[in-house]
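First up is the structure itself, then whatever we jot down about it.
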Amino acid sequence: TGADLEQQRTTEQLALVAVLSVALVFLVLAGEFASFTIPLVVMITVPLAAAGGFVLLWIMGQCLNAVSLIGIVVMIGMADNEAVVKLDAIRRFRELGHSIHDAVLLGGRQRLRAITMTSLTTIFGVLPLMLGIGSGGALYQPLAAAVIGGAISAQVVTFFLLPVAYAQMEKRKERKERT
């Protein structure tokens, strides 16, 4: 029971670390963008990307433990980074005077390769761990499953949901400015 209690305590602490990392990322983004709405759009990626990590853990028959939570924390950082990179490109095109629709398309096209290559290198880098190849491979399978599942779902969210959410936010802001 001592080992079980220690594992439970570690899992609780890692869950706290995950929550604190999300809060700190939000605060840094709020300071960077000088806005609270844009970081909210970026933070959409966090629960949806985490859901992908949890789904792949479930598919692989892995449990939620300290190692998988480390993978979730890593994935949160990756998902936020991808979202920030894409939103920054879209915002730059908006500042140049492009319409919302054009800025989303141009920003997406400009950052497509960089985001895709980053995700693919991460996925292929941890794939041997997920397959249990190498010494200690079985120990790191939950971490790899969380990272790969999160990276895949973060890609989908970053390429499709994030631009739609940003465009809706911008349209709402333009409507408020007109009235």
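The values are calculated or read from the model by the stated rules, or taken from the named source; none is laboratory data. Just so you know, these numbers come straight off a predicted model, no measurement behind them. Virtual Cβ from ideal backbone geometry, glycine too; neighbours counted across all protein chains shown. Each accessible area value is taken on the protein alone, full model and side chains, heavy atoms only, with ligands, DNA and RNA left out. Shrake-Rupley method; radii C 1.70, N 1.55, O 1.52, S 1.80 Å.
For the peptides 74-87, 122-135, 142-155, residues were scored by their other Cβ atoms within 10 Å and the scores averaged per peptide; the highest-first order is 142-155, 74-87, 122-135. Angle check, please: helix 66-95 long axis (alpha carbons) against the longest principal axis of the chain (alpha carbons), in degrees 0 to 90, nearest 10. Helix 66-95 sits at roughly 10 degrees to that axis.
Its Cα centre serving as origin, region 63-127 has a Cβ charge dipole (Lys and Arg +1, Asp and Glu -1) of approximately 180 debye.
Carbon-plus-sulfur accessible fraction, the chain (probe radius 1.4 Å, protein heavy atoms only): 68%. Principal-axis analysis of the Cα atoms of the chain puts helix 162-178 at an angle of about 30° to the longest axis. Label positions at GLN168 and GLN110, each projected 7 Å from the Cα along the C-beta direction, are separated by 2.5 nm. Compute the label zone of LYS176 within region 12-40: residues whose backbone N is under 16 Å from the point 7 Å along Cα-to-Cβ. Taking a point 7 Å out along Cα→Cβ of LYS176, the residues of region 12-40 whose backbone N falls under 16 Å are 34-40.
Applying a DSSP loop filter and a limit of 14 other Cβ atoms within 10 Å to the chymotrypsin sites (Phe, Trp or Tyr not before Pro) in region 1-103 leaves PHE36. Using alpha-carbon positions, what is the distance between the centroids of region 63-129 and region 132-168, in Å? Centre-to-centre distance over Cα atoms comes out at 10 Å. Phi angles across region 129-135 convert, under the Karplus curve 6.51 cos²θ - 1.76 cosθ + 1.60 with θ = phi - 60°, into 3J(HN,Hα) values of 5, 5, 7, x, 7, x, 6 Hz, Gly and Pro given as x. Each of SER35, GLN8, GLY125 was scored by the projection of its Cα onto the charge dipole of the chain, and the greatest displacement toward the positive side belongs to SER35; charges sit on the C-beta of Lys, Arg, Asp and Glu. GNM remark for the chain: springs join alpha carbons under 10 Å apart, and the peak mean-square fluctuation among SER68, SER35, SER119 falls on SER35. Taking every Cα-Cα distance in region 15-121 and sorting them into 5 Å bins starting at zero, the pair-distance distribution P(r) comes out as 2, 12, 19, 20, 19, 13, 8, 4, 2, 1 percent.
Mean projected area of the convex hull spanned by the Cα atoms of region 95-179, taken over all viewing directions: 6.7 nm². Overall, the chain carries a charge dipole of about 740 debye about its Cα centre when +1 sits on the Cβ of Lys and Arg and -1 on the Cβ of Asp and Glu, all other atoms neutral.
Solvent exposure of region 50-179 amounts to 52 Å² per residue of accessible area, where only protein heavy atoms count and the probe is 1.4 Å. The residues packed around GLN168, meaning those with a beta-carbon under 12 Å from its beta-carbon, carry a net charge of +2 if Lys and Arg are +1 and Asp and Glu are -1. In percent, what relative contact order does region 89-166 have, based on Cα pairs under 8 Å that are 6 or more apart in sequence? It comes to 23 percent, rounded to a whole number. Along the axis of the charge dipole computed for the chain (Cβ charges of +1 for Lys and Arg, -1 for Asp and Glu, origin at the Cα centre), the listed residues VAL157, VAL55, LEU20 are led at the positive end by VAL157.
Listed by chain and number, the aspartates and glutamates whose alpha-carbon sits under 19 Å from that of LYS176, ignoring those within fewer than 8 places in the same chain, are GLU95. Taking all Cα pairs closer than 8 Å and separated by 6 or more residues, the relative contact order of the chain comes to 32 percent.
Think of it as helices only: each DSSP H run of n ≥ 4 in the chain is worth -39500 (n - 2.57), and spread over all residues that comes to -28500 deg cm²/dmol at 222 nm.
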